[in-house]
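Novice: Okay, handing you the structure first.
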């Protein structure tokens, strides 16, 4: 699965997705997009495209132009200011947007967009719709969605953007800040959209997980709003454990800000999720136990339910979902089911990533830096830092501020969900033995060197 926000491309069946919605492409257009993604960042000539998309078939080269137009229309890409596909005479085409590989994970509903179900947060959607109305009328608005990891901030943004596109003709861009923590490209994209000449359509800008972004990223739209009396702009920032990014600014200069606290799901919302996902009566008796086991956290709820489906406890038979064992029995084992689901997710990681997590869980404390983990395992700090960044992109770790040590500023991290840390800490006795052996070896070597 390749991600180039706000789109994803599933290479297995060559389908294009925007959030939970499939974007229509003809088979040949999907094959061409696949070809460009495989060669991303490099020029792909017409000869290479023809041999890949139409193998062993002679077709006119103008067919490529037709398919490129179809892909650009699907992506909303303007060839004059290309964000995804660039064309250059005699060189061909290049896919220029940043692309991230997403691993399809067993039990993870995000890997199967057709199974996404959004639990309707009516009050939050109504609040965002109110802010959008003001922005469309010419008054810039700034909204901060705050809530614990996995509470559904990204899902709410996706649902809101679908609603916004249905109601208005507008531009929208979503920037997952975790994927661009050290990159300047997204800031240039944001500034380009804000200052696009002759463009009067309202702009909705979503900055996801602002813990990872730079001050300049959310200052850029705020500065624009302060300079202009009228700006058809709605900025939505999401975050956990941090303050509103606009809190420090002068209230007289930027008064149109709002914070929406996203609470865990209620029991009624969990029941609605189960009814929407599986039908009105299939798992009605499971709602209360699921709500208690997951604490109303949507991420944990979806993980537990996904595990039940993966294990065949809940099956689709002749177009209808049914439970293969008594619902009461399923409810009694939900905590074990949830732990198994998270353990399966961890077991998809490579050995290096898993060792970093184990070290962090055992020796890193609630908040840790790459240097802390490297010191505990006597590993290369640069390798550890790269692995931690990869784990953050996979939403296993989350940012937890920074520590100032002299002139150095070290980013600190935490586990997104305590259950994950608990599972990894269960391996503590064996790992602590290994760590003790490593420390003894290092001490012995130091003594020998001094001798």
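Novice: Quickly run through region 309-346 and pick out the residues that are in contact with a strand residue (DSSP E or B) (Cβ under 8 Å, 6 or more places away or on another chain) and more than 12 Å from residue 278 (Cα to Cα).
Specialist: Hits for region 309-346 are 313, 324, 330.
Novice: Within region 154-181, restricting attention to residues that are in a loop (DSSP other than H, G, I, E, B) and touching a helix residue (DSSP H, G or I) at 6+ places or on another chain (Cβ under 8 Å), which residue is nearest to residue 210 (Cα to Cα)?
Specialist: In this case the residue turns out to be 181.
Novice: A further question follows. Exactly one condition in (1) at pLDDT 85 or above; (2) not in a helix (DSSP H, G or I) is not met by residue 247; state its number.
Specialist: For residue 247, the exception is condition (1).
Novice: Which number in (1) in the same structural domain as residue 425 (by TED's automatic domain parsing); (2) assigned to a helix (DSSP H, G or I) marks the one condition that residue 379 misses?
Specialist: (2)
Novice: Pick from region 121-140 the residues that are at pLDDT 90 or above and in contact with a strand residue (DSSP E or B) (Cβ under 7 Å, 6 or more places away or on another chain): which of them is nearest to residue 291 (Cα to Cα)?
Specialist: Ranking the qualifying residues of region 121-140, first place goes to 124.
Novice: Hey, can you tell me all the residues within region 296-328 that are part of a strand (DSSP E or B) and touching a residue at least 12 places away in the same chain (Cβ under 8 Å)?
Specialist: Matches in region 296-328: 314, 320, 321, 322, 323.
Novice: For region 283-295, which residues satisfy the criterion of being outside any loop (DSSP other than H, G, I, E, B) and modelled with pLDDT of 85 or more?
Specialist: Correct list: 285, 286, 287, 288, 289, 290, 291, 292, 293, 294.
Novice: Which condition number in (1) free of Cβ contacts under 8 Å to residues at least 40 places away in the same chain; (2) over 30 Å from residue 426 (Cα atoms); (3) assigned to a helix (DSSP H, G or I) is the one that residue 280 fails?
Specialist: Of the numbered conditions (1) free of Cβ contacts under 8 Å to residues at least 40 places away in the same chain; (2) over 30 Å from residue 426 (Cα atoms); (3) assigned to a helix (DSSP H, G or I), the odd one out for residue 280 is (3).
Novice: Picking from 143, 151, 235, 206, which residue would you name as being surrounded by 21 or more Cβ atoms within 10 Å (Cβ to Cβ), at pLDDT 75 or above and part of a loop (DSSP other than H, G, I, E, B)?
Specialist: 151
Conditions tested, residue by residue: (1) within 24 Å of residue 156 (Cβ to Cβ); (2) surrounded by 21 or more Cβ atoms within 10 Å (Cβ to Cβ).
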residue	(1), (2)
256	yes, no
278	yes, yes
297	yes, yes
328	no, no
331	no, no
340	no, no
360	no, yes
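Novice: Which one of the conditions (1) under 20 Å from residue 13 (Cα atoms); (2) touching a strand residue (DSSP E or B) at 6+ places or on another chain (Cβ under 8 Å); (3) without any contact (Cβ under 8 Å) to a residue 24 or more places away in the chain does residue 27 fail to meet, given that it meets all the rest?
Specialist: The failed condition is (2).
Novice: Right, next: Can you tell which of 331, 341, 361 is part of a helix (DSSP H, G or I) and at pLDDT 85 or above?
Specialist: Step by step, each of 331, 341, 361 is checked, and only 331 is part of a helix (DSSP H, G or I) and at pLDDT 85 or above.
The values are calculated or read from the model by the stated rules, or taken from the named source; none is laboratory data. What you are looking at is a predicted structure, and each value in this text was computed from that prediction instead of being measured. Please note: Cβ atoms are built from the backbone with ideal geometry, for glycine as well, and neighbour counts cover all protein chains shown.
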